[in-house]
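A quick write-up on the structure given underneath.
The values are calculated or read from the model by the stated rules, or taken from the named source; none is laboratory data. Because the structure is predicted, anything quoted here is derived from the model rather than measured. Cβ: placed from backbone, ideal geometry, glycine included. Neighbour counts: every protein chain shown. Heavy atoms of the whole protein, side chains included, go into the accessibility calculation; ligands, DNA and RNA do not. Shrake-Rupley method; radii C 1.70, N 1.55, O 1.52, S 1.80 Å.
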Amino acid sequence: MNNMQQEKLPRHLAIIMDGNGRWARERMLRRIVGHQKGVETVRGIVDECSRLGIGFLTLYAFSAENWLRPKTEVKALMTLLKKYIKAETPRMMNDNVRFNIIGNRDDLPADVNRAIDEAIARTTGNSGMVLTLALSYGARQEIVRAARLLSADLAAGRVTDGEIGEGLFAGYLYTAGIPEPDFLIRTSGEMRISNFLLWQLAYTELYFSEVNWPDFTVPELHKALRDYQARERRFGRTSDQLQKRS
Ligand code: FPP
């Protein structure tokens, strides 16, 4: 099945996966069942993005603020993440996917970090889609961390005042080396950015789906991508200027 036009696909797609809890509540199920179902959706969407030839897929799997959830839910999410990473590594190898993490890894349990290290090491030579999970991630924290790293380099004389610009600063973010997202999808009808990639989303096209994450199927992804393909990205220029350039 391939009813997607291949040209004009986003090079980098970012997704805020929201609505697992509501999906479960609507069915009188426990929240964790919603997360389990959410993992199945992750599998389907990762496969399809890789098949379509999307270069970079970034998924918001656990925010810095999610640590405030009940202990049992946090524990269950960490277990699900570890299982997902371990179970999916062979498929990543098969599909030439490179695994990557952004966020504060110091906060993560040791067993999750071990699974991450293994998946990164095994997939490091892959040249297909880069799959990035945002884990214990917050964009403001990322920006402050970048400022700290940069000021340490300044103090040590590794960087001079005059060199500081947008490009140099971006190199201190977790996403160094990854292009900015072209398209952001958030599911479950919430219209917020929630501390996700604040620097990187400056020119990103935004899409809000009413569907809860466990129900975000491949046809829903295609619908979102067709919406993206119909948009004109101007980066502050006029339409006329863009036509003259092409
Ligand atoms: C939002 O739903 C979802 C999360 C906080 C976690 C996302 C995690 C997964 C999809 C499963 C694990 C991920 C991977 C990559 C294996 P919510 O709980 O905020 O839903 P609600 O807003 O309806 O309560």
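Would you be able to say whether some residue in the range 128-142 is open to solvent by 20 Å² or more (accessible area, probe 1.4 Å) and within 20 Å of His12 (Cα to Cα)? Within the range 128-142 (the criterion being open to solvent by 20 Å² or more (accessible area, probe 1.4 Å) and within 20 Å of His12 (Cα to Cα)), the answer is yes, since at least one residue qualifies.
Between Ala115, Ala119, Ala134, which is assigned to a helix (DSSP H, G or I), touching a Phe, Trp or Tyr at 6+ places or on another chain (Cβ under 6 Å) and of a type in the set (Gly, Ala, Ser)?
Ala119
I need the full set of residues from the range 34-57 which are basic (Lys, Arg) and within 16 Å of the ligand (Cβ to nearest atom), in order please. Lys37, Arg43, listed by residue number. Taken together, Arg22, Arg31, Arg27 contain a single residue that is without any contact (Cβ under 8 Å) to a residue 12 or more places away in the chain, surrounded by fewer than 21 Cβ atoms within 10 Å (Cβ to Cβ) and either within 13 Å of the ligand (Cβ to nearest atom) or more than 22 Å from Ile193 (Cβ to Cβ) (or both), which is Arg27. Residues in the range 169-208 that are loosely packed, with under 13 Cβ neighbours inside 10 Å and either of a type in the set (Lys, Arg) or in a helix (DSSP H, G or I) (or both): Arg192 alone. So, in the range 71-102, how many residues would count as being open to solvent by less than 80 Å² (accessible area, probe 1.4 Å) and within 12 Å of the ligand (Cβ to nearest atom)? The total comes to 15. Here is a check on your reading of the model: is Asn66 closer than 24 Å to Phe183 by Cα, crowded, with 17+ Cβ neighbours inside 10 Å and not aliphatic (A, V, I, L, M)? Against the criterion (closer than 24 Å to Phe183 by Cα, crowded, with 17+ Cβ neighbours inside 10 Å and not aliphatic (A, V, I, L, M)), Asn66 does not qualify. When the range 197-246 is filtered for residues that are of a type in the set (Phe, Trp, Tyr) and at pLDDT 90 or above, the ones remaining, listed by number, are Trp199, Tyr203, Tyr207, Phe208, Trp213, Phe216, Tyr228.
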